[in-house]
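Worksheet: the structure to be examined is printed underneath.
Taken together, the values in this text are just the output of simple stated rules run on the coordinates, not laboratory data. Note that the coordinates shown come from a computational prediction; the quantities given were computed from them, not determined experimentally. Here the Cβ is made from the backbone with ideal geometry for all residues, glycine too, and neighbour counts use every protein chain on show.
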Amino acid sequence: MELIALDMDGTLLTSRGEISKENAHAIKEVQQKGIKVVIATGRSLDSAKIRLEQAELICPIISVNGAAIFLEDGTKVDSTPLSLNTVHEILTILHEKYIYCEIYTNYGTYTTDDVKQKLMVEVDYVKSINSEQNANQLLNAVEKQNQQALLHFVKSFDEVLSREDLEIYKILTFSLDEKKLTEIRSKLTGMSDLFISSSAYHNIEITNTEAHKGNALRKIADYYHIPLKKTMAIGDNMNDLTMLQTAGIGVAMGNAVDEIKNICRFTTKINDEHGVQYAIEHFTGR
């Protein structure tokens with residue numbers, strides 16, 4: 001084993017959004033043995049770095065589902081952004097559905113000031129067809145997303161799209177309206193230059209067709225001259241699928257969705273039981 005790629009949310013992070021001391025210790029131990037530990041997340045670079053710094057960890061980072069790759073010192077070694085024309089097409093589709101969304105760029109992560117209005121329309125819909133509990137679940141999901149994405153609020157996305165040297169890595173949208181998400185996914189799937197994935201049942205993550213964790217793992221392994229057969233990846237959700245299929249060893253978290261467990265050769269403990277530590281020690285020894 002020469003390289004280990006770790007998803008963050010639902011994998012390296014506990015349900016409280018923290019890296020446990022046990023997971024951090026396991027990472028530091030294998031780093032001392034010369035094994036590269038790479039973070040592979042849907043988060044932006046800044047959001048991922050905050051969590052690593054809190055655990056006193058330094059790692060290369062595959063960010064925004066593989067759309068940008070950074071070394072330990074923050075040097076960008078690769079990026080695969082969406083084209084501006086494609087972004088406009090996506091935003092038109094999302095605007096027609098009046099749905100919450102965010103844009104991940106090399107300048108930061110943005111959403112619009114009318115997000116609260118869109119959110120309340122969604123909450124009213126959820127209440128009408130389901131329950132107060134699910135409406136609160138939506139509100140909690142948005143609050144969690146606001147905290148982890150380090151969001152900047154703008155009046156219009158045009159303020160962002162007009163910036164020079166802009167790279168747009170990912171567009172994220174989410175809803176508890178399954179019909180709305182299905183309709184959006186159907187329209188997006190018809191666009192050949194997109195890669196569509198999700199990191200939770202209620203979201204859709206949109207990147208360039210070449211920007212996914214599987215391709216990013218290939219690129220970072222090639223950068224370090226490490227054969228893919230000597231790599232391991234650990235994840236829990238559908239945006240980890242290509243990475244787990246690409247790695248020499250694919251490990252599913254105990255809390256992973258069934259589709260992920262079914263394609264992995266090993267399932268570790270859940271994220272709140274230090275599943276990353278357990279998997280690392282299982283395959284590398286203490």
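In this structure, the amide hydrogen of residue 194, modeled 1.01 Å from its nitrogen in the peptide plane, lies closer than 5 angstrom to those of 209, counting only residues at least 5 positions away or on a different chain. Rounded to the nearest 500, the 222 nm mean residue ellipticity of the chain from helices alone is -12500 deg cm²/dmol, with -39,500 (n - 2.57) taken per DSSP H run of at least 4 residues.
Counting Lys and Arg as +1 and Asp and Glu as -1, what is the net charge of the other residues whose Cβ lies under 14 Å from the Cβ of residue 194? Summing Lys/Arg as +1 and Asp/Glu as -1 gives -1.
Check residue 105: other-chain or 5+ apart residues with amide H under 5 Å from its amide H, H built from backbone geometry? Under 5 Å from the amide H of residue 105: 110, 169.
Packing order of peptides 63-70, 35-42, 12-19, highest average first: 63-70, 35-42, 12-19 (average count of other Cβ atoms within 10 Å over each peptide's residues). Karplus-based coupling profile of segment 68-76, in residue order and whole Hz: 8, 10, 10, 7, 4, 8, x, 5, 7, with θ = phi - 60° in 6.51 cos²θ - 1.76 cosθ + 1.60 and x standing for Gly or Pro. A protection proxy built from the mean count of other Cβ atoms within 10 Å ranks the segments 206-215, 189-198, most packed first, as 206-215, 189-198. Counting only DSSP beta bridges whose two residues both lie in the chain, roughly 55 percent are antiparallel. Segment 214-230 and segment 168-194 have their alpha-carbon centroids 29 Å apart.
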